[in-house]
Structure formats: structure tokens, C-alpha cells
Amino acid sequence: MYRLLLVSLTVLFTLIHVACGQLENVIIDRYFIPTHCSREVQIGDYVRYQYNGTFEDGRKFDSSLDKGFPFVGQVGVESKVIPGLDKGVQGMCVNERRKITIPSHLAYGVLGAGSVIPPDATLVFDVLLLDLWNKEDKVQIRTLHKQQNCKRTVMPSDFVRYHYNGSLLVGNLFDSSHLQNSTYDSYVGQGSLLKGMEEGLLGMCVGERRLFIIPPFLAYDDKGYGTKVPPYATLIFDVLLVDVFNVKDDVNVEVQKIPQPCRRRAVGGDFIRYHYNGTFQDGTVFDSSYSRNSTYNTFIGMGYVIAGIDKALQGVCVGEWRRVTVPPHLAYGENGSGELIPRSAVLIFDLHIIDFHNPKDQVEIKVIYKQADCNLTSAANDLIMYRYNCSLLDGTHLYSSDDYPEPPRVTLGQGKLIAGLDEGLQGMCVLERREITVPPHLAHGTNGALGVPSNAVLLFELELLQLQKGVPEGFLFIWLKDSPEPLFPAMDMNQDQEVPLEEFSAFIKLQVAESQGRLHPGIDSDTVLRDMFSKQDRNADGKITEDELNIIVNEEEEGPKHEEL
């Protein structure tokens, strides 16, 4: 604990005492003095020191080192030592070393001590002070570092995890959690810790660092601890609090940002995608979805994630930010998780909700603008031209029709688009604008697409630019009104009992011009007519006769319809 400074300083400690008319004194040579001395030995203090006792000629008569244990006693109160030694240690600092020369009348006097100490012997003691305490001492607590934002402090019955270095007053390290690469974990206030340690831990914040000086009677007292801590040792602990929680703790949710409006809150059974940073209470990061450049995707309320996160995801909004503190019993418990999560660790998750949906969700349509006089709307098989912007629910842009030279044209209901977009484009008027939300199972599903994450809910901004009504799949032409009955005489415009391509084309074009029928949009009309004609000219002789004409019923619309394919 203290650095020693070698000095050569002799101090004459004069003790004036009148006995037999002589001046009595103890000579003290202080030749090791610590650079820092927070306390000096006073009468009534307890001390622990090593010593060598010699005569003036250097002959040794006693030594604590030979005995294998230091001297322990109280100074000046029913002392167990000779008066000169008792006086000679007063004013000493821990780690100080003194040479104390004691005249015989402050040692064993004219009688000596048996066969060991002769009468009138001057004694010399080499003393190294190892420890110093008093029965009135309390645990000394020094705060070395404290977090500015401390929301919770250690209380009785809490469970704590902390790192420590433990040393004796002389500075010898006797134990360290850092060397074991593991925190010390224990309950506070249940007798499983030293009394002085429990006292020092109370009121600490996570991330706080304290120095505890614990007197022996609040530590291991006269028993010591194995070979590491001698009896009657004052202990110094440098403690860093890593974690604290109580078994009664629940998940703590701090909502940091919530979008307005929140269209829907997540419930059990929803599938959710979110980003997260996971840290311990001291701020150490243990995992992050951002580092993998991928959201974490899971169902809510089905036990696929730790209980605390499952609970914290209930009621979130898309785009919401939450900080969630999860106690161990709702996280990975006493066992932790491999090398990543220590046992009994409190976990903090900063969550950003990207999107969520339910497997039962349908396309959600919000009309932004619609003309009042809308008589014609898009439907399956119609040819449309439209504008779109596609993004994720968090606003991340994915793709847009503006990225291409002209807006796309597509026939609805024929599998050319993702199902949700196809559905969202139906029922629209020209110049109508919509915002549609498409769940993943109606978009790109679990596999995603180029630039589209897996299981992503998509948001489309749509505008219908053009609309050409279509024909059912498999048809090139349909009647909008009842077809002529019988059909062949009406088609045989010159009544010569045969219909060549030119006559067939003229007839169909007339029906379209008079709104009696409709050709397949998006294909050149002459191409359509040639195809229709070839399907009816079954013998390929360049003309259609009445027996070749084939009429079927289109199940999607009433009335007989002419099959052209």
C-alpha cells in the first residue's frame, strides 16, 4: 500500500522520568519511513509488527521471525511488552522500520529475565510495523470514481458482481478477481461477505470504484484466512462494482423515442425485426445486430428470445427506440451464456424497432388522393402505368420508378408483381394516389430480394397514371355487350360465306370502336387480330367458315364470348 523510502535519520526520543536520580531515555533510529503516513501509533491502538531483539554487541535473544508470527498487542494499556518497546513504537507508521535502543531500567532492569536477559542489559529492537488499528475504528470508504448518472445504489438483499484487489496495509496483494478473470458474485446483507465488505458496498453505483480499509475485527479478526491473510490483519480492498440487481426486479423499459402517430402496437404472435446494442451495466458491449448489418428477427411472446426481451417487445411501435434493462432471472440466469454472457449478469438492450407484422395481416391501403368523378377503376387483367416509391417502415429507401426512364406498365392479376403490390394497385382511379403497407408473406417473404431484407414489411407510395381495361387471362378479345346472334353472318360482312383476315379485322375493329368489345391491351392490335384469326382458321386456308367458328362462355362475365386464343 505504501512505498518505502530508505532514509538514514536518527531521532533521539527523550523520555524524562525521575528514578534513582537518573535521566532515562529511549533512542530511536527511523531508517525506513513510508512516503505517505495517514496514521501514527498512539496509546490505546493495537499493533502488529515483526521484530528482532539483540544486545548491544549484536547477539540475538528473541525474534518474531523465528517464531513464525508477528507480535500483536495493545500499546500502553496493560501492555505485554517492556515499557521501552511500548514507548518506542509510538508515533510509528505502517511500513516504518525502527531501531529502538532501550536502557535496562525501561527493559528488564537489575533483575534481567531468567537466563536469557542478564541484569542491567541494554536491549536493541529492530521493528517493522505491519498493522495498526483501534477498537473504535470504522470501515474507511474512499470514493475513487463515481458515475455521474446513478439511478440505483446497492441495498441489503441485492445481488452484486464486483471486481476487487485485496491487499494488506503493508501493500502485499493477497487476492484479486482480476487475476481470476472473473467477478466476485454474492448477495449483500445475508452474511456471506465480510462485515466490512458489506458495509463498504452499500450505496455503491454500477461503475463506481471505492477503496475500503477494513479493521481486523470487521474482517477475518484473529483467524486470518489461510496463508493469504494473517490473523489481526487490516484489509484494503479496491472495489469496482460491475452489476447489481434484486431477485424482485422486473424488466425496466425506458421509452426513448416513439414515432407519431403510432399506427399499431406489437402484440404476442407478431413477427418483429429490430436492431439492438447489448451492453452490461458498466457499458461494455457484448453483442450488436449493427455489427452484423442485419436485424434480429423473431416472433413475440413465443419464447424464442429471453423472457425479458419477449416482455419488453410487447406494445412497441414501428420506429420506436427503447432501452431495456433485463435482470439475470429474465435473461441468462446463474449460468450465463458461454463466454459471451457471465453468470448472473444484468443486460441492457438499446432496441430500434424496424417493423413487425402478423402472419394474418393483409395489405393495408390508405388513399391519399382520389378524384371525385371516378367511374373507371383498375382490376385484374387491366394494363396500367403507374409510379411508385418503395421503402421500409423505418424510412429506408429501397427502389423507385423514378430510377428508370419511364414509369412501368404491367397487366394486373397475372403474377407480374408481388402479390401485395398487385392487390394494392387494384380498384384505383387514374391519378389516384395511395400508400400501401405490404406484409412480408405478400412481398418478398423470408428470402428477401436484391436490396430487400428478409421478412421485410414494405411501404409503397403509388400513383396510377394510365389505365386500359383488359381481358381475362387466356383471352385476346371479349365482348362488352351481347355478341351478335348468330355471330358468323354478322362477321361475314359481304355475305359470301367466308371471312378472310381483312374482313375479320374490320369486323373486330368495328366492335371495339362502337364499345361492343375489347382487345387485349398492351399488344399491337394487328398482331392480336392475326393471332385471333389463325386460331379460328383451323384448316389454315386463309379464311374462316361458319363450321370453323368456335364460341365459348367466359365464366368471369355473363353472355357468350368469342375465344380468340
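The values are calculated or read from the model by the stated rules, or taken from the named source; none is laboratory data. Quantities reported herein were computed from a predicted structural model and do not represent experimental measurements. Here the Cβ positions follow ideal geometry from the backbone for every residue, glycine too, while neighbour counts run over all protein chains shown. All accessible areas refer to the heavy atoms of the entire protein, side chains included, with ligands and DNA or RNA removed. Shrake-Rupley method; radii C 1.70, N 1.55, O 1.52, S 1.80 Å.
Residues that are open to solvent by 30 Å² or more (accessible area, probe 1.4 Å), over 30 Å from residue 430 (Cβ atoms), in contact with a Pro (Cβ under 9 Å, 6 or more places away or on another chain) and at pLDDT below 90 within the range 463-503 comprise 485, 490, listed in sequence order. Within the range 107-123, the set of residues being touching a residue at least 40 places away in the same chain (Cβ under 8 Å) and open to solvent by 20 Å² or more (accessible area, probe 1.4 Å) comprises 116, 122.
The set of residues from the range 23-61 being farther than 17 Å from residue 101 by Cα and open to solvent by 30 Å² or more (accessible area, probe 1.4 Å) comprises 33, 35, 36, 37, 38, 39, 40, 42, 43, 46. Kindly establish whether residue 14 is open to solvent by 30 Å² or more (accessible area, probe 1.4 Å), among the β-branched types (Val, Ile, Thr), at pLDDT below 95 and touching a Lys or Arg at 6+ places or on another chain (Cβ under 7 Å). Considered against the rule, which asks whether it is open to solvent by 30 Å² or more (accessible area, probe 1.4 Å), among the β-branched types (Val, Ile, Thr), at pLDDT below 95 and touching a Lys or Arg at 6+ places or on another chain (Cβ under 7 Å), residue 14 comes out as no.
Within the range 26-47, being outside any strand (DSSP E or B) and hydrophobic (A, V, I, L, M, F, W, C) holds for 37, 41, 43.
Selection within the range 168-193: residues that are surrounded by fewer than 19 Cβ atoms within 10 Å (Cβ to Cβ) and among the polar types (S, T, N, Q). The member of this set that is farthest from residue 242 (Cα to Cα) is 172. For the range 504-549, which positions are assigned to a strand (DSSP E or B) and either of a type in the set (A, V, I, L, M, F, W, C) or open to solvent by less than 30 Å² (accessible area, probe 1.4 Å) (or both)? Matches in the range 504-549: 517, 519, 544. Taken over the range 90-104, residues that are of a type in the set (Gly, Ala, Ser) and in a loop (DSSP other than H, G, I, E, B) amount to 1. Only one of the listed residues (207, 203) is open to solvent by 20 Å² or more (accessible area, probe 1.4 Å) and at positive phi. That residue is 203. Counting only strands (runs of 3 or more DSSP E) that sit wholly inside the range 362-464, those with at least 2 residues that are among the charged types (D, E, K, R) are 364-369, 433-438. The residue pairs whose first member lies in the range 189-209 and is in the same structural domain as residue 146 (by the TED database), whose second member is among the basic types (Lys, Arg) and at pLDDT 95 or above, and whose beta carbons are closer than 8 Å, counting only pairs six or more residues apart or on different chains, are 200/210; 204/210.
Being within 16 Å of residue 239 (Cβ to Cβ), part of a helix (DSSP H, G or I) and of a type in the set (S, T, N, Q) is a condition met by at least one residue of the range 156-178. Which one of 41, 81 is closer than 26 Å to residue 114 by Cβ, in contact with a strand residue (DSSP E or B) (Cβ under 9 Å, 6 or more places away or on another chain) and not assigned by the TED database to the domain that holds residue 171? Going through 41, 81 in turn, just one is closer than 26 Å to residue 114 by Cβ, in contact with a strand residue (DSSP E or B) (Cβ under 9 Å, 6 or more places away or on another chain) and not assigned by the TED database to the domain that holds residue 171: 81.
I'm checking my understanding of the structure. Among residues of the range 146-156 that are at pLDDT 95 or above and exposed (fewer than 15 other Cβ atoms within 10 Å of the Cβ), which one is farthest from residue 190 (Cα to Cα)? So, considering only residues that are at pLDDT 95 or above and exposed (fewer than 15 other Cβ atoms within 10 Å of the Cβ), the one farthest from residue 190 (Cα to Cα) is 155. When you check residue 286 against the structure, is it assigned to a strand (DSSP E or B) and open to solvent by less than 20 Å² (accessible area, probe 1.4 Å), yes or no? No, not satisfied.
Candidates 230, 216: the one that is open to solvent by less than 10 Å² (accessible area, probe 1.4 Å) and farther than 30 Å from residue 446 by Cα is 216.
Filtered by the rule that a residue be outside any loop (DSSP other than H, G, I, E, B), under 22 Å from residue 109 (Cα atoms) and not small (Gly, Ala, Ser), the range 48-70 gives 51, 52, 54, 55, 60, 61, 62.
Within the range 62-106, the residues that satisfy the criterion of being touching a Leu at 6+ places or on another chain (Cβ under 7 Å) and open to solvent by 50 Å² or more (accessible area, probe 1.4 Å) are 83, 87, 97. Remark: pairs (first residue in the range 79-100, within 14 Å of residue 125 (Cα to Cα) and modelled with pLDDT of 95 or more; second residue part of a helix (DSSP H, G or I) and not hydrophobic (A, V, I, L, M, F, W, C); Cβ separation under 8 Å; 6+ apart in sequence or on different chains) = 98/88; 100/84; 100/88. Would you confirm, using the coordinates I've provided, whether residue 164 is outside the structural domain of residue 93 (by the TED database), out of contact with any Lys or Arg (no Cβ under 8 Å at 6 or more places or on another chain) and of a type in the set (Phe, Trp, Tyr)? So residue 164 passes the test.
Would you check if there is a residue in the range 34-48 being of a type in the set (Phe, Trp, Tyr), more than 16 Å from residue 89 (Cα to Cα) and at pLDDT 95 or above? Scanning the range 34-48, I find no residue that is of a type in the set (Phe, Trp, Tyr), more than 16 Å from residue 89 (Cα to Cα) and at pLDDT 95 or above, so the answer is no.
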